[in-house]
């Protein structure tokens, strides 16, 4: 299976998983995992970033269409997609020459966890701030960010283990 | 000129990022405004048909509850009907065909295929649309009380602004004293709504029933909303009263959409009065 078809199918699968299953989890009444961002971690690093940014935007927008949230998922997903390379540089000290050989699953767990957790926290914080859209319930925003991030991270590592198996 | 080209080449990713970010922001702000959003909603063709497929499966799991609810409502309505017949036969007045002439509202049934209640701006999706003569700004209720107002209509599906939406503002009153105010939601607890602007002289007690007021063109008079569970006695201007919904918004089955046949006429006459 070629890379393009694999990622197209993965995109569809992740959107359906998020929309039909994970959006209805509502653990303790309101905590939802936003696992669709694993697509951004699985997508290979490239020097040309136009395609990646556009796909990230589309991914967020498709989640938005289904959850009636305007563009908040698109906004937050695009933000972490843009800052992904920066954090790759910070946590793994990889530069442009290393991109073709970079494989997240081969990195040590500690570095991997820092990288994933940072991007997840940023994503969730932007997401919940926009979903709330006022400064009134700010503590609620922080709590939501924390709980949902934990939930997403707990699901992330087993799921990524399934997808990163070589075809 | 060369400087400019150099600038674009250096920041091309950042500029592309900003462009997409602006599109996302425009979508966010459009979504917050009533009636503006058209395509990025769950009432568009792709998402609504997908939700419809999912609903066809999940519908079976709640059949028992829904049947019970409908049975209760039928019993209640049958009792009301009997009371009505008694009073009409006792009074010795001539019968007028009230079915057609004085009818102000029509009810049509619909099912909810997508429900949100955890966010600050919640929407529902119904499985009927313009082809079933639904339109924007129609009331959505069920047997227990109010649910929301229709907002975006596509040929086969409708998006409903839930009462659990920070933009939602409904006209409501206390059943026993008829003082009216507006019902809002602060985005915290999905069971509790806030009734504001009730006059200070109104006597409000915990447990009082709150119902819709007939002063808007959307909701008919006297549809149940909830009961009073909290009164703030501090000297705030808007005099907030906490109202607990009769409906459990996390678990709603079939709903009714109410069309006001006089809406156009009322709007027309109100517009003349304003000018």
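Figures for the structure shown
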{"item": "Residue check, residue A:77 at pLDDT 85 or above, buried (at least 23 other Cβ atoms within 10 Å of the Cβ) and more than 13 Å from chain B (Cβ to nearest Cβ)", "result": "no"}
{"item": "Criterion (surrounded by fewer than 15 Cβ atoms within 10 Å (Cβ to Cβ) and modelled with pLDDT of 85 or more) met by exactly one of A:91, A:101, A:86", "result": "A:86"}
{"item": "Flag for residue B:160 being touching a residue at least 60 places away in the same chain (Cβ under 8 Å) and either over 24 Å from residue A:25 (Cα atoms) or within 13 Å of chain A (Cβ to nearest Cβ) (or both)", "result": "no"}
{"item": "Residue within the range A:111-121 that is under 30 Å from residue B:31 (Cβ atoms) and out of contact with any helix residue (DSSP H, G or I) (no Cβ under 7 Å at 6 or more places or on another chain) present", "result": "no"}
{"item": "Answer from B:111, B:100, B:128, B:119 - the residue that is within 12 Å of chain A (Cβ to nearest Cβ) and either at pLDDT below 90 or not in a strand (DSSP E or B) (or both)", "result": "B:119"}
{"item": "Index of the failed condition, residue B:150 passing every other in (1) in contact with a strand residue (DSSP E or B) (Cβ under 6 Å, 6 or more places away or on another chain); (2) not in a strand (DSSP E or B)", "result": "(2)"}
{"item": "Set B:51, B:6, B:39: member being modelled with pLDDT of 85 or more and not assigned by TED's automatic domain parsing to the domain that holds residue B:161", "result": "B:6"}
{"item": "Flag if residue B:56 is surrounded by 11 or more Cβ atoms within 10 Å (Cβ to Cβ), within 27 Å of residue B:254 (Cβ to Cβ), more than 14 Å from chain A (Cβ to nearest Cβ) and modelled with pLDDT of 80 or more", "result": "no"}
{"item": "Selection from the range A:23-39 of residues that are at pLDDT 85 or above and either surrounded by fewer than 19 Cβ atoms within 10 Å (Cβ to Cβ) or away from chain B (no Cβ under 14 Å) (or both)", "result": "A:35, A:36, A:37, A:38, A:39"}
{"item": "Index of the failed condition, residue B:14 passing every other in (1) over 29 Å from residue A:55 (Cβ atoms); (2) within 14 Å of chain A (Cβ to nearest Cβ); (3) in a helix (DSSP H, G or I); (4) at pLDDT 85 or above", "result": "(1)"}
{"item": "Among the residues listed as A:139, A:149, the single one being over 14 Å from the mean Cα position of the chain (by Cα) and without any contact (Cβ under 8 Å) to a residue 40 or more places away in the chain", "result": "A:139"}
{"item": "Residue within the range B:260-272 that is surrounded by 13 or more Cβ atoms within 10 Å (Cβ to Cβ), modelled with pLDDT of 85 or more, in a loop (DSSP other than H, G, I, E, B) and in the same structural domain as residue B:139 (by TED's automatic domain parsing) present", "result": "no"}
{"item": "Candidates A:153, A:143, A:127, filtered to the one that is within 14 Å of chain B (Cβ to nearest Cβ), over 23 Å from residue A:57 (Cβ atoms) and surrounded by 13 or more Cβ atoms within 10 Å (Cβ to Cβ)", "result": "A:143"}
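Table: residues versus (1) within 14 Å of chain A (Cβ to nearest Cβ); (2) farther than 23 Å from residue B:262 by Cβ; (3) under 16 Å from the mean Cα position of the chain (by Cα); (4) modelled with pLDDT of 90 or more.
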| site | (1), (2), (3), (4) |
| --- | --- |
| B:175 | no, yes, no, no |
| B:188 | yes, yes, no, no |
| B:193 | no, yes, yes, yes |
| B:202 | no, yes, no, no |
| B:219 | no, no, yes, no |
| B:222 | no, no, yes, no |
| B:225 | no, no, yes, yes |
| B:233 | no, yes, no, no |
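The values are calculated or read from the model by the stated rules, or taken from the named source; none is laboratory data. Worth saying up front: this structure is predicted, and the values here are computed from it rather than measured. Note: ideal-geometry Cβ built from the backbone for every residue, glycine included; neighbour counts use all protein chains shown.
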